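**Student:** Attaching a single structure in structure tokens format; questions to follow.
The values are calculated or read from the model by the stated rules, or taken from the named source; none is laboratory data. All of these numbers come straight from a predicted model, not from anything done at the bench. Neighbour counts run over all protein chains shown; Cβ positions are idealised from the backbone, glycine included.
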Amino acid sequence: MRYIFYFLILATLSASAQNLKQGGNLKAEFEKINNPYYFKAPEFSGWVESRNMILIGDKPNPNDCDFVFLALQDTTVIGAFINKEAKYFLLDMEGNSTLSVTSNYFLLPMWTVKRNAKVISSDTTILLLLDKIYEKTLQANQLELDEKTIKEYGEYKSNTTLANRHIALLFDNYQTIINETSAKGEKAPAEICIPLMKSLSAECLSLYNRIPVIVCIYMGEALQSAGMIDEAREHFKLSLQFYPNSIPLLVNEYRLEKDPIKQKEKLAKLKSKYPEHWMVMEL
């Protein structure tokens, strides 16, 4: 992982993290530092809000600190990095000074982007982009994500004039978790993925009164990964009412069908109707 390389300088940190733990109050812990020392942080992500971040410790040498706080360029504290046997981040994901998430990967909290973003319900650019990504990857027979679409998506990380950037950030955070865990052959943490998808769904509903099909798919997959099979089954069933022609939704519905006869019928229908789709070909 990228951050491990950057944090080799912190390899000798003490394993004691004192009162910094999930559910703790970030502001209260930070205010215990009487004489803070500031250090340049590595670039944790491609988002402009995470550029020039600062590490804040209670000693002049970061190697002597038990942990370091993470702050944006304007010194807004968003979490902490703990160095134990297993290195991890504690993050304030809600902007309420509660360390709500423990993660092995850096995730930029949504509120750091949304607080300065243009939130405009009439601007559907990000909604259409998510639909385009779905059409070119999950719904297409083969992966067809072109450079233009990738560039459009990347613009949300750097162009602060774009509306509703927080939607793209939530989607990007989920992709980060999935890609990082997949690369290591690990299971994606349900305690992070499910809340992320719930937040993304809520933001889309609030702005556009609908949840993009790609978000519906990822939400169902997160439920499956968490072992919440009954919930996932109901989720896919409900999602198909809104997106009846979604091949990924149909495939997942087939996989979770409890009735062997119905499952066999659904498989035959999928193979007959979508024989060249990459997901169907794997069945």
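**Student:** For the stretch 51-92, enumerate the residues that are touching a residue at least 60 places away in the same chain (Cβ under 8 Å) and either out of contact with any strand residue (DSSP E or B) (no Cβ under 6 Å at 6 or more places or on another chain) or of a type outside the set (Phe, Trp, Tyr) (or both).
**Tutor:** ALA80, ILE82, ASN83, LYS84, GLU85, LYS87, LEU90, ASP92 - these are the residues of the stretch 51-92 that are touching a residue at least 60 places away in the same chain (Cβ under 8 Å) and either out of contact with any strand residue (DSSP E or B) (no Cβ under 6 Å at 6 or more places or on another chain) or of a type outside the set (Phe, Trp, Tyr) (or both).
**Student:** Here's another thing I want to ask about it. Only residues that are at pLDDT below 50 and more than 17 Å from MET53 (Cα to Cα): list them for the stretch 9-42, please.
**Tutor:** ALA11, THR12, LEU13, SER14, ALA15, SER16, ALA17
**Student:** Select, from MET219, MET197, the only residue that is part of a helix (DSSP H, G or I), in contact with a Phe, Trp or Tyr (Cβ under 6 Å, 6 or more places away or on another chain) and outside the structural domain of SER103 (by TED's automatic domain parsing). Before you say what the answer is, go through the steps one by one.
**Tutor:** Numbers: MET219 fails: in contact with a Phe, Trp or Tyr (Cβ under 6 Å, 6 or more places away or on another chain).
Result of the check over MET219, MET197: MET197.
**Student:** Here are ALA140, ALA117: which of them is at pLDDT below 95 and closer than 21 Å to GLY220 by Cα?
**Tutor:** ALA140
**Student:** On to the next question. Take the residues in the stretch 216-240 that are within 23 Å of LEU91 (Cα to Cα) and not hydroxyl-bearing (Ser, Thr, Tyr), then tell me which one is surrounded by the fewest Cβ atoms within 10 Å (Cβ to Cβ).
**Tutor:** Top of the filtered list is ALA226.
**Student:** Turning to a different aspect of this structure: In the stretch 97-125, what count of residues is obtained for those that are closer than 30 Å to PHE81 by Cβ and either among the polar types (S, T, N, Q) or assigned to a helix (DSSP H, G or I) (or both)?
**Tutor:** Of the residues in that region, 12 qualify.
**Student:** Which is within 27 Å of ASP92 (Cβ to Cβ) and touching a residue at least 60 places away in the same chain (Cβ under 8 Å), of ILE178, ILE192, ILE247?
**Tutor:** Residue meeting the stated conditions: ILE192.
For every residue, the table says whether it meets (1) over 20 Å from the mean Cα position of the chain (by Cα); (2) surrounded by fewer than 16 Cβ atoms within 10 Å (Cβ to Cβ); (3) within 30 Å of ASN245 (Cβ to Cβ); (4) among the small types (Gly, Ala, Ser).
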position	(1), (2), (3), (4)
GLU94	no, yes, no, no
ALA117	no, no, no, yes
LEU128	no, yes, yes, no
GLU147	yes, yes, yes, no
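**Student:** Starting from residues that are assigned to a strand (DSSP E or B) and hydroxyl-bearing (Ser, Thr, Tyr), keep the ones in the stretch 32-77 and report whichever is surrounded by the most Cβ atoms within 10 Å (Cβ to Cβ). Reasoning before the result, please.
**Tutor:** Residues of the stretch 32-77 that are assigned to a strand (DSSP E or B), as a first pass: 37-40, 54-57, 67-71, 77.
Now restrict to residues that are hydroxyl-bearing (Ser, Thr, Tyr): 37-38.
On the way: TYR37: 16, TYR38: 13.
Restricting to residues being assigned to a strand (DSSP E or B) and hydroxyl-bearing (Ser, Thr, Tyr), the top hit is TYR37.
**Student:** Also, I was wondering about something else. Starting from the stretch 149-165, keep only residues that are free of Cβ contacts under 8 Å to residues at least 60 places away in the same chain, then list their pairs with residues that are surrounded by fewer than 18 Cβ atoms within 10 Å (Cβ to Cβ) and among the small types (Gly, Ala, Ser) whose Cβ atoms are within a distance under 9 Å, requiring at least 6 positions of separation or different chains.
**Tutor:** Close Cβ pairs (under 9 Å, with a partner that is surrounded by fewer than 18 Cβ atoms within 10 Å (Cβ to Cβ) and among the small types (Gly, Ala, Ser)) amount to ALA163/SER122; ASN164/SER121.
**Student:** For the list (1) touching a helix residue (DSSP H, G or I) at 6+ places or on another chain (Cβ under 9 Å); (2) at pLDDT below 95; (3) part of a helix (DSSP H, G or I), I need the number of the one condition that GLU191 fails.
**Tutor:** Failed condition: (1).
**Student:** Looking only at the stretch 223-260, how many residues end up being small (Gly, Ala, Ser), outside any loop (DSSP other than H, G, I, E, B) and modelled with pLDDT under 95?
**Tutor:** Summing the residues that are small (Gly, Ala, Ser), outside any loop (DSSP other than H, G, I, E, B) and modelled with pLDDT under 95 in the stretch 223-260 gives 1.
**Student:** Okay, next question. For the stretch 24-50, which positions are within 17 Å of PRO109 (Cβ to Cβ) and touching a strand residue (DSSP E or B) at 6+ places or on another chain (Cβ under 7 Å)? Walk me through it before giving the result.
**Tutor:** In the first step, residues of the stretch 24-50 are kept if they are within 17 Å of PRO109 (Cβ to Cβ); the result is 24-27, 29-30, 41, 43-50.
Across the stretch 24-50, the qualifying residues are ASN25, LEU26, PHE30, ALA41.
**Student:** If you check SER182, SER206, SER199, which single one turns out to be surrounded by fewer than 16 Cβ atoms within 10 Å (Cβ to Cβ) and modelled with pLDDT of 95 or more?
**Tutor:** Unique residue meeting the criteria: SER206.
**Student:** Looking only at the stretch 152-186, which residues are among the hydrophobic types (A, V, I, L, M, F, W, C) and either closer than 16 Å to THR112 by Cβ or part of a helix (DSSP H, G or I) (or both)? Step through it out loud before you land on a result.
**Tutor:** The initial filter retains those residues of the stretch 152-186 that are among the hydrophobic types (A, V, I, L, M, F, W, C), namely 162-163, 167-171, 177-178, 183.
Those that are among the hydrophobic types (A, V, I, L, M, F, W, C) and either closer than 16 Å to THR112 by Cβ or part of a helix (DSSP H, G or I) (or both): LEU162, ILE167, ALA168, LEU169, LEU170, PHE171, ILE177, ILE178, ALA183.
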